[in-house]
Amino acid sequence: MNIDAIRQIPLVDFLNHLGYQPTGRDSKGLWFYSPYRSERKPSFHVNPNKNIWFDFGTGTGGDIFTLAGEMSGETDFLRQADFIAVKMQLPVEKPYKPTPFIEEPTFANLEISTLKAPALLKYLADRGIPHEIARQYCVQVDYEMKGKRYYAIGFRNNADGYELRNTFFKGSSPPKHITHIANGNPRCSVFEGFIDFLSAERLGFNDGTDAIVLNSVSNLGKAIEPLTDYPLILCYLDNDAAGRAALARLQKEFGDRVMDKSALYPNHKDLNDYLVSTINRLTTKSRLKL
């Protein structure tokens, strides 16, 4: 590979070939665990549009060549190039198909109020979530995007960002983070998204336990530290590859303290799917009786 070709290699592709996957994202790029040092929280940031990186843990950054230098210990430019070329030619178990980086939308003029818009309440009702439960944990977020006004259900995270949902939109206003709901209970339930958390409230599964809503499995690393103090961790994760991978990591981290609760909804994608199915089944039975 020549120098110009190496310079054009996306940093995300390079890291993926080395076995590093993003743990999260923000409006400017992706977060990784540092590929050349150990850390408990990911502080290595890649801007895919500019193809540059910055390690907030060490205060260093640069392009693919400076990253190769940090990883290999080489200061010579040609040796760095050779390191990259060799690594990119290594076979991988699963072919990597790069996903184009799409900048998150820019939200402006956010207004937070009581959840009251009929369309949003109907969206929740269609998902089996009563208004009184939703209003305990959610708000209405009116915002501006590209000069137009919109509104959505908002679920606040620990960094003062919001998960946003309506019939036509699923996203978040940065910063992205977990939501930790602490009630002083020795047990903590873990959910991927807030709709599943609200579903557990409706089903009576939470029963006063503390809760952590990941707001994306990519935030799992942010949940490790607050989960450390809980003797029992109840996982209501999705029945898919991402959910099983998240469960496996928590089991590796905390061992027997982790309890898999997905057996409660074995034939459903997630807890909300189970809730909606249960409501529909009961409604059908009631109609048949009539």
Just to verify a result, which residue in region 186-215, among those that are polar (S, T, N, Q) and buried (at least 19 other Cβ atoms within 10 Å of the Cβ), is farthest from Pro22 (Cα to Cα)? Asn206
Could you tell me whether region 96-111 includes any residue that is at pLDDT 90 or above, closer than 25 Å to Lys222 by Cβ and of a type in the set (Phe, Trp, Tyr)? no
Residues that are under 21 Å from Arg25 (Cα atoms) and either free of Cβ contacts under 8 Å to residues at least 40 places away in the same chain or not charged (D, E, K, R) (or both), drawn from region 222-243: Ala223, Ile224, Pro226, Leu237, Ala241, Ala242, Gly243
Among the residues of region 158-176 satisfying the criterion of being hydrophobic (A, V, I, L, M, F, W, C) and farther than 20 Å from Leu220 by Cβ, which is farthest from the chain's Cα centre (by Cα)? Phe168
Is one or more of the residues making up region 254-269 out of contact with any Lys or Arg (no Cβ under 7 Å at 6 or more places or on another chain), surrounded by 14 or more Cβ atoms within 10 Å (Cβ to Cβ), at pLDDT below 95 and acidic (Asp, Glu)? no
Answer yes or no as to whether Phe169 is within 14 Å of Leu237 (Cβ to Cβ), in contact with a Phe, Trp or Tyr (Cβ under 8 Å, 6 or more places away or on another chain) and not β-branched (Val, Ile, Thr). no
Consider region 37-50. How many of its residues are over 24 Å from Leu227 (Cα atoms), touching a residue at least 24 places away in the same chain (Cβ under 8 Å) and either of a type in the set (Gly, Ala, Ser) or crowded, with 17+ Cβ neighbours inside 10 Å (or both)? 2
Enumerated helices (runs of 4 or more DSSP H) restricted to region 199-290, each holding at least 3 residues that are of a type in the set (Val, Ile, Thr): 271-289
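So is Leu247 in contact with an Asp or Glu (Cβ under 7 Å, 6 or more places away or on another chain), modelled with pLDDT of 90 or more and crowded, with 17+ Cβ neighbours inside 10 Å or not?
Against the criterion (in contact with an Asp or Glu (Cβ under 7 Å, 6 or more places away or on another chain), modelled with pLDDT of 90 or more and crowded, with 17+ Cβ neighbours inside 10 Å), Leu247 qualifies.
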Region 133-155, residues that are of a type in the set (D, E, K, R), at pLDDT below 95 and outside any strand (DSSP E or B): Lys146
Please go through region 51-70 and give me each residue that is in contact (Cβ under 8 Å) with a residue 40 or more places away in the chain and either loosely packed, with under 14 Cβ neighbours inside 10 Å or within 28 Å of the chain's Cα centre (by Cα) (or both), ordered by number. Asn51, Ile52, Trp53, Asp63, Ile64, Leu67
Wholly inside region 159-198, strands (runs of 3 or more DSSP E) that include 3 or more residues that are in contact with a helix residue (DSSP H, G or I) (Cβ under 9 Å, 6 or more places away or on another chain) are 162-166, 179-181, 187-191
Any idea which residue in region 1-60 is modelled with the lowest pLDDT, counting only those that are part of a loop (DSSP other than H, G, I, E, B) and of a type in the set (Lys, Arg)? Arg40
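The values are calculated or read from the model by the stated rules, or taken from the named source; none is laboratory data. Note that the structure is predicted; figures quoted are calculated from it, not measured. Cβ sites come from the backbone with ideal geometry, for glycine too, and all protein chains shown count toward neighbours.
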